[in-house]
Amino acid sequence: MNNTSVFESSLLGEKYYRVEHKSGLRIYVFPKERTGTYAIFSTRFGGAVSKYKYGGKYFEIPLGCAHFLEHKMFDNKNRPGADDIFSSLGAYDNAYTSNDRTAYLFSCTENFEACLTELLRFVTEPYFTKRSVKKEIGIIASEIRECLDDPYDRCNMNLLDAMYYYNEVRNEICGTEESISRITPKVLYSCCKHFYTPENMILTVCGDVDVNTVISIADKVIKTPKKRKKLTLQSICEPQAVRLEYIERKMQVAKPIVSIGIKDANISPDPRERLRRVAGANILCKILFAESSDFYLKLLDEGIITPSFDAGYSSSANAAYIMIFDETADPLLLKSKILEHIQESKARGLDRSAFEREKRAAYAAYVADFDSTEDIAFAMLSYADEGLDLFEYPEILNGVTFEYINELLGEMFSPEKFAVSAILPLD
């Protein structure tokens, strides 16, 4: 039997439904009248996964399997491909693979029931042949070569490689040409059996929809597994310090580009505490590096940074870091300037008024997201993945105090946590 819960926010005047479907699938529906509809069907299987246990048995798969599946799942047996079907329904469809998730999505203004039926069907009814897999290997190999020639992609991937010893976020999401050459229909079907199961998946829908319609379609398409086996991803014990302090590569660029990473190995097992840290760290980055800050304006005047300068905090259940990006003639000089700025900020203390301003901005950005069905669908997925209520964020943000921000400042910026990835001109 399906179990439905309702979550309401008196502050926003909004509500959504969480359905524990009888199959094990978690469904989240956010009704929003007189809008288009956005739906995301996702599985917790991303590019960083290469080793795991299923039913107590150990498996190791070629790098790039999750991304490869993303491409191949759009094929249908004895029917047009999913792209053609969505196009005929007047809908937009897409998919993506991140380090920890693969997601399939569509947006539409009509034919919602047909679109949702197709989304659930093609993602849960895989069809692979040796011929189609062999053809896809060539297509993805070309994509891999394009990524290897992209200096911005190389800069970021080299940074992850420098920061981490063991964490699989170091892995290329697309895999390598060697690893994808070992992918077969048997490997793909095995991954589907292990990861594309209702209890490992989430469906989020936002738009002019009715929750009972969504449940009815899920009842018809999603099959309840006869047996549910435990799936366990590889656990990582990662040192606090970075693996390499500096890594560089020469490529066809006009000016050096740099990514500076500050590794954060203090990842709480409590998802609410992780979300508080995300909110706090991003507010701290705004205080330290905002375009209106003295630091930014001084380095801009000196020609050390450009208007492309940006800083933010990224976090998941097993990897977290601050990343600073820019184009600069001297990457190591920029790192030293940042370290000096951190030490001065610790000695001087942070500006409380700047903290209050950035905290209000964070709250306003959260509220603004509820104007977009796409933003809501993605936010529901993010919160559901952590087992959190979408409306909890204001309460969590209230826990980000000025004292907490100062604690993060003292904790997060140790020199041994810094890694620099630079892409330099060939000459």
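No lab work stands behind these numbers, since they all come straight from the coordinates. No experiment lies behind these values; they were computed from the predicted model shown. Every residue, glycine among them, receives a Cβ derived from its backbone with ideal geometry; neighbour counts consider all protein chains shown.
Annotations for the structure displayed:
- Note that segment 157-172 has calculated 3J(HN,Hα) couplings of 5, 4, 5, 4, 5, 6, 6, 10, 7, 10, 4, 6, 5, 5, 6, 5 Hz, one per residue in order, obtained from phi through the Karplus relation 6.51 cos²θ - 1.76 cosθ + 1.60 (θ = phi - 60°); glycine and proline are x.
- Segment 239-342 shape via C-alpha gyration tensor axes, a/c threshold 1.5: oblate
- For the chain: relative contact order, % (alpha-carbon pairs under 8 angstrom, 6 or more apart): 22
- Correct option for semi-axes √(5λ) of the Cα gyration tensor in Å [calculated from the coordinates] among (1) 48, 27, 22; (2) 35, 26, 23; (3) 38, 28, 20: (3)
- Mean residue ellipticity, 222 nm, helices only, the chain: the sum of -39500 (n - 2.57) across DSSP H runs of n ≥ 4, divided by residue count and rounded to 500, is -13000 deg cm²/dmol.
- For the chain, the longest piece that avoids every one of the GluC sites (Glu not before Pro) found in DSSP loops with at most 10 other C-beta atoms within 10 Å covers 34-301.
- Per-residue Karplus couplings for segment 139-147, computed as 6.51 cos²θ - 1.76 cosθ + 1.60 with θ equal to phi - 60°, are listed in order as 5, 6, 4, 5, 4, 4, 5, 5, 5 Hz, Gly and Pro entered as x.
- Under 17 Å of direct C-alpha separation, and excluding same-chain neighbours fewer than eight residues apart, K22 reaches these lysines: K220, K223, K226, K227, K229.
- Neighbour net charge for R182 - beta-carbon separation under 14 angstrom, K R +1, D E -1: -1
- Most positive-pole-ward Cα, A218, P271, M1, against dipole of the chain from beta carbon charges: M1
- Alpha-carbon centroid distance for the pair segment 358-417 / segment 157-183, whole angstrom: 28
- Comparing L203, M157, L284 along the charge dipole axis of the chain, the residue lying farthest to the positive side is L203, per the Cβ-charge model.
- Straight-distance crosslink candidates among aspartates and glutamates, where the alpha carbon sits under 19 Å from K250 and sequence neighbours closer than 8 are dropped: E146, D149, D150, D153, D161, D326, E327, D330, D427
- Each Lys or Arg adds one and each Asp or Glu takes one away; over the other residues whose Cβ falls under 12 Å from the Cβ of T224, this sums to +3.
- Segment 251-409 shape via C-alpha gyration tensor axes, a/c threshold 1.5: prolate
- Between segment 212-262 and segment 60-82, the Cα center-to-center distance that results, in Å: 18
- Couplings 3J(HN,Hα) for segment 194-207, derived from phi with the Karplus relation 6.51 cos²θ - 1.76 cosθ + 1.60 (θ = phi - 60°), are 8, 10, 8, 10, x, 5, 9, 10, 9, 10, 10, 9, 9, x Hz, where x marks Gly and Pro.
- Computed over neighbours whose Cβ is under 15 Å from that of Q234, the net charge equals +2, Lys and Arg +1, Asp and Glu -1.
- Dipole of the chain [Lys/Arg +1, Asp/Glu -1 at C-beta], most positive-end residue of S98, Y321, Y127: Y127
- Whole-Å distance, taken between Cα centres, linking segment 281-314 and segment 25-42: 36
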